[in-house]
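Take a look at the structure below.
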Amino acid sequence: MAEAPHSDAKTAGGDPLALQLLLHAERARLRDYVRRHLPIELSAVIDVQDVLQDTYINAFRRMGQFTATDPTNSIFRWLVTIARHRIAELLRLHRAAKRGGRRSRDVRADDKSLIESLSQLAVYQRTPSRSAAAHEFLAALEQSLRRLPDAYRDAVNLRYIQGLTPGEIATRIGRTERAVHMLCNRGLKAVRLDLRSASLFL
């Protein structure tokens, strides 16, 4: 525990390696927290690992907001706060869907954080972030996109980075809107799995 203040200080300063090490160190404890606090009605449709990954994605994106207070617990409390807000958001979206609320067919509730990150990638590609951790995460996200099959990559890029509508994409690539939704869903799933396999967030 003696090295925790040093690690937290580096994390606050934007060291991506320090943040990855801290996230890895808290992985089991955070997974247990999410598993205990995921409502039963969500556990049937949302995987604990997806909540955990979304928490890590948001941690990278919000790194500038982190400040070390308690050298032994501050990083865990920060991650728990992000996870708790994510669970609450997923629960709200799930209940809205059960009441008949409509969502875009190509956007699942548990993909929202990833989609927000993809939209940030467009800004990053024009002006790379000065945050080392944000740079590391967005560069990894960009690499994941490059590893996608061409059809998935094109659909995800056009939809979430360039901001085209499914109808506009369908016209451009010569597919139906239904096919566009399918490509986007599968592309997002592939990106999520690629990030997970790279051990960046899990």
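Can you find a residue in the range 7-21 that is surrounded by 18 or more Cβ atoms within 10 Å (Cβ to Cβ), closer than 21 Å to residue 193 by Cα, at pLDDT 70 or above and of a type outside the set (Asp, Glu)? No; the residues of the range 7-21 include none that is surrounded by 18 or more Cβ atoms within 10 Å (Cβ to Cβ), closer than 21 Å to residue 193 by Cα, at pLDDT 70 or above and of a type outside the set (Asp, Glu).
I'd like to know if the range 172-185 contains one or more residues that are under 25 Å from residue 53 (Cβ atoms) and small (Gly, Ala, Ser). No: zero hits. Looking only at residues in the range 33-51 that are assigned to a loop (DSSP other than H, G, I, E, B) and touching a His at 6+ places or on another chain (Cβ under 8 Å), the one that is surrounded by the fewest Cβ atoms within 10 Å (Cβ to Cβ) is 45. Residue selection: residue 54 fails the criterion of being at pLDDT below 80 and assigned to a helix (DSSP H, G or I). Of 148, 164, which residue is free of Cβ contacts under 8 Å to residues at least 40 places away in the same chain and closer than 19 Å to residue 121 by Cα? The unique qualifying residue is 164.
The values are calculated or read from the model by the stated rules, or taken from the named source; none is laboratory data. The shown structure was predicted, so the numbers you read here are calculated from the model rather than taken from an experiment. Glycine also receives a Cβ, built like all others from the backbone with ideal geometry; neighbour counts cover every protein chain displayed.
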